[in-house]
1. With a 10 Å cut-off between alpha carbons and a GNM built on chain A, which of A:Val76, A:Val41, A:Val50 moves the most?
2. Which residue, chosen from B:Pro439, B:Val382, B:His64, occupies the Cα position most advanced towards the positive end of the dipole of the protein assembly as shown, where the dipole is computed from +1 (Lys, Arg) and -1 (Asp, Glu) charges on Cβ about the Cα centre?
3. Can you spot the aspartates and glutamates whose alpha carbon is less than 20 Å from B:Lys316's alpha carbon? Ignore those fewer than 8 places along the same chain.
4. For chain A, set up a GNM with springs between Cα atoms under 10 Å and report which of A:Leu46, A:Leu189, A:Leu66 has the largest fluctuation.
5. Work out the length of the dipole vector of the protein assembly as shown about its Cα centre, built from +1 on the beta-carbon of each Lys and Arg and -1 on the beta-carbon of each Asp and Glu, and round it to the nearest 20 debye.
6. At q = 0.05, 0.07, 0.08, 0.09 Å⁻¹, what log₁₀ I(q)/I(0) does a Debye calculation on the Cα points of the protein assembly as shown give, no solvent, two decimals?
7. Relative contact order of the stretch B:321-468: what whole-number percent is it, with Cα pairs under 8 angstrom and at least 6 residues apart?
8. Can you give the relative contact order of chain B as a percent, counting alpha carbon pairs under 8 Å and 6+ residues apart?
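Bear in mind these aren't lab numbers, they're just calculated from the coordinates by the rules spelled out. Remember, it's a predicted structure, so these values are computed and weren't measured experimentally. For neighbour counting, all protein chains shown are included, and Cβ atoms are generated from backbone atoms with ideal geometry for every residue, glycine included.
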Amino acid sequence: MKSDFTPPIGKISNIHGQCISLIGNDIDTDRIIPARFLKCVNFDSLGESVFEDDRKTLKGKHPFDLEENKNASILVVNSNFGCGSSREHAPQALMRWGIKAIIGESFADIFYSNCIAIGIPCFTLPKKSIEEIQNYCNNQSLLLEIDLKNSLAKSKDLNFNLEIKESSKKMFLSGEWDATAKLLEKSSLVERKYKELPYVKFI
Amino acid sequence: MSQDTLFDKVWDLHKVSSLPGGSDQIFIGLHLIHEVTSPQAFGALKDKKLKVKFPDRTVATVDHIVPTDNQSRPFKDNLAEQMIETLEKNCSEHNIRFFNIGSGNQGIVHVVAPELGLTQPGMTIACGDSHTSTHGAFGSIAFGIGTSQVRDVLATQTLAMNKLKVRQIWCDNKLSKGVYAKDLVLHIINKLGVKAGAGFAYEFAGPAIHELSMEERMTICNMSIEGGARCGYINPDAKTFSYIKNKLYAPKNEHWDRALRWWESLKSDENSIYDDVIKLDASKVEPTVTWGITPGQSISINQQIPLLDELSPNDKLVAEEAYEYMSFKPGQLIKDTPVDVCFIGSCTNGRISDLRVAAKVLKGKKVSKNVKAFAVPGSEKVATEAKEEGLDQIFKDSGFQWREPGCSMCLAMNSDKLIGNQVSASSSNRNFKGRQGSPSGRTLLMSPAMVAAAAINGKVSDVREFIN
């Protein structure tokens, strides 16, 4: 875990970093952060426990334990990453370990929303491209330069056109990915809606 | 793009504004909170100097961390005590209704809200818990959210969301004897896969769904998320309305009449358009058991664990991981697999009807001496009702431990955990690696009746042999 953690704020348009490859489909949020670490009232110390049980099982051979990955910040995963529990502790733990962006074949819906809400852009690529990156990472370190505006990932040897939801992309480029302020702007409409809803008056 | 489905109608009713980039600002009619995913959200409100916008639209209970053996305060586990104290403080500071232990209304949040009549058709419901999809059984649009979104709902009563597509899952005929809602939903997840629901809301429909009780419908919608759909729902009908009637927070008198008129109008139109439709025959479903590490890896009780060659290329990677973790051989029968622990409870199957079904199997029988079995009612109300019916005694007489309400060993945030590589027959919802508290623990998901049968025989069994 990096000791100098600061949460992202404002516009996110470029991410430059080393890739860390984690192979496997359907990696659930219980594996990313086991439930016993959810006994906390803040997220501060989650980084060190990310993938705790998987790492213990692999006795130092888990990608998050390898010396060559210690400065990595772009996680490369396969399909349905982050399925299961809605715990935001999962992306919070990844972010506190040092992850700044994730590229995968596909993401579970709630995990994806949580990542966007805390400033981790998630991109998708076809299975073939993900495997290409993961194979490359097996042999040498891969430094990627992600240009969010043009949805491009560039490196010395590999280039990819990334996919990202248009709404997420706009939020990151404008710096409005922290939704609260945006939602508060429509306060009067929200109050009108509250009064309009039939069931509010039922009780 | 779907049109005129219940999902479209409820979404449109709750839409506050369109946000840049194509997402919508959606009003959340009922916000449920608990001790695990709310403290950081309240912390963020404090940092941003914000108040709770509509405290009357948020309801709290405590469920994930509560011990099920000794609930006296302070809890033995300091961290658990700190979490419940934080929730108590936050609810009191922000004037939020809180159903604490001993109130008579505490329990698993997805058991409590329906049984109090808080969950109603046509609402949008959000909670920092993925099994919020449960409430869709009432024709509400309900989904799990993360802590930052909990903060947004507290501060604004709204969420920024992309509208989901709608897939109808039409279930023909009806379930046969000894086959339950849990078997049907495990079957659906197996057929469609654990990621098929990403980007979708699932509408469960057809004669087999219509036939189900409200509690069985909750089991179905509860596990939508295990198929990747964060929202699952069923069009409300007379069963829905009669379940709600006279509940504590149900509309009363003239409000009831108005509510009923509105609810009766709330359903997908006959010619509504879906993004996708899947049809299956519920009469073909058999008692179903998971053998792997995702809820999609299930087979019928008499089937063999699939061979690698029988699986699609996409499923092979996880299957290989599952054989190894579960110590199962491809081609092995699931029936007669020895079990160490039997758990009946959770937001999937911890309701009174689940306990009744299991008690019927257990009555006059004894739990195998090699098995540790325990039943955890989903709420204080469920526990009281079970005691009134003498179900607790049936469980205890058979050798089951009878516990206090909570989430318990579904996710093992309290002291109810598997040890080492124990095998558990569990009525819960997730068989993920390590889910039940031991990093090498193994979970076999099944219906509560099947858990009861496994407890008696000490091995995975066909409950139909007990009830015929």
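1. The residue with the greatest mean-square fluctuation here is A:Val41.
2. B:Val382
3. Hits, sequence-local ones excluded: A:Asp26, A:Asp28, A:Asp54, A:Glu105, A:Glu131, A:Glu132, B:Glu226, B:Glu324.
4. With Cα springs under 10 Å in chain A, the top fluctuation among A:Leu46, A:Leu189, A:Leu66 is at A:Leu189.
5. Details: 81 positive and 80 negative charges, 162 e Å.
Roughly 780 debye for the protein assembly as shown.
6. -0.21, -0.41, -0.55, -0.71
7. Values: 328 pairs, mean separation 46.6, N = 148.
Reported relative contact order: 31 percent.
8. On the way: 1129 pairs, mean separation 81.3, N = 468.
After rounding, I find 17 percent.
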